[in-house]
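Scroll down for the structure; my scribbles are underneath it.
The values are calculated or read from the model by the stated rules, or taken from the named source; none is laboratory data. All values derive from a computational prediction rather than experimental measurement. Neighbour counts are summed over all protein chains in view; Cβ atoms, including those assigned to glycine, are modelled from backbone coordinates with ideal geometry. Just the protein is used for accessible areas: all its heavy atoms, side chains included, with ligands, DNA and RNA removed. Shrake-Rupley method; radii C 1.70, N 1.55, O 1.52, S 1.80 Å.
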Amino acid sequence: LLNENTLSPWMYKNIVAVGLKIKEYTWTEQFVYKYKSFLPLMKQEEVFAFNLAKVYFEKQDYNKIIALLGQTEFDDLLSNLGVKTMLLKTYYELEEIDVLHSLLDSFRIFLIRKKDLSYHKDNYLSIVKFTKKILNVNKFSIDAVDKLKREIESTKVLTEKKWLLEKLTNLGRS
């Protein structure tokens, strides 16, 4: 895994993703800490923080995510998009609706103002749009929920499709 005693941030991220996919949370968290020092120095803190936040999210330890992401600088645009998405999902899970609405509005404006996002813009605007729709849908209207479900399912580029559909499905259970 190491090349000249360095671990590529992409390899680190992929290992974390696999660990989380197979629900090996303890092992994955240990990996995140153990291999942090092998990450390139310039990206070390942000790669570490974001991947640890992903572990916390899967463990449903949402308050740690907010603290961790709030104290880390994220330099590149894609990292910032990932952080905003992670915070959006975290505020939703914590039912911090006022904070979530504020983040959704500022995230949308951020995306509209960024001219250099290319195809990423549509994905993230869709995440914002569908999160708002889930917050506003009449959960007692089967037709409204089904219509929103079909709209989410038919959206081609939507990285958070699974999460959005899960939240929509769980609406009636809350």
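Note on region 70-95: among residues that are over 17 Å from Lys132 (Cβ atoms) and of a type in the set (Ser, Thr, Tyr), the one that is farthest from the chain's Cα centre (by Cα) is Thr72. Mind listing whichever residues of region 60-77 are assigned to a loop (DSSP other than H, G, I, E, B), open to solvent by less than 60 Å² (accessible area, probe 1.4 Å) and either of a type in the set (Asp, Glu) or under 16 Å from Phe107 (Cα atoms) (or both)? Matches in region 60-77: Asp61, Phe74, Asp76.
Scan region 78-100 and tell me whether some residue there is part of a helix (DSSP H, G or I), over 30 Å from Met42 (Cα atoms) and among the polar types (S, T, N, Q). The answer is no, given that none of the residues of region 78-100 is part of a helix (DSSP H, G or I), over 30 Å from Met42 (Cα atoms) and among the polar types (S, T, N, Q).
Considering only region 141-174, state which residues are modelled with pLDDT of 95 or more and of a type in the set (A, V, I, L, M). Passing the criteria: Ala144, Val145, Leu148, Ile152, Leu158, Leu164, Leu165, Leu168. In region 157-174, of all residues being polar (S, T, N, Q) and in a loop (DSSP other than H, G, I, E, B), the one that is nearest to Val83 (Cα to Cα) corresponds to Thr159. Residues of region 110-156 that are of a type in the set (Ser, Thr, Tyr), outside any loop (DSSP other than H, G, I, E, B) and touching a residue at least 24 places away in the same chain (Cβ under 8 Å): Tyr119, Tyr124, Ser126, Thr131.
Any chance you could count how many residues in region 28-59 are at pLDDT 95 or above and surrounded by fewer than 11 Cβ atoms within 10 Å (Cβ to Cβ)? Residues that pass the stated criteria total 1.
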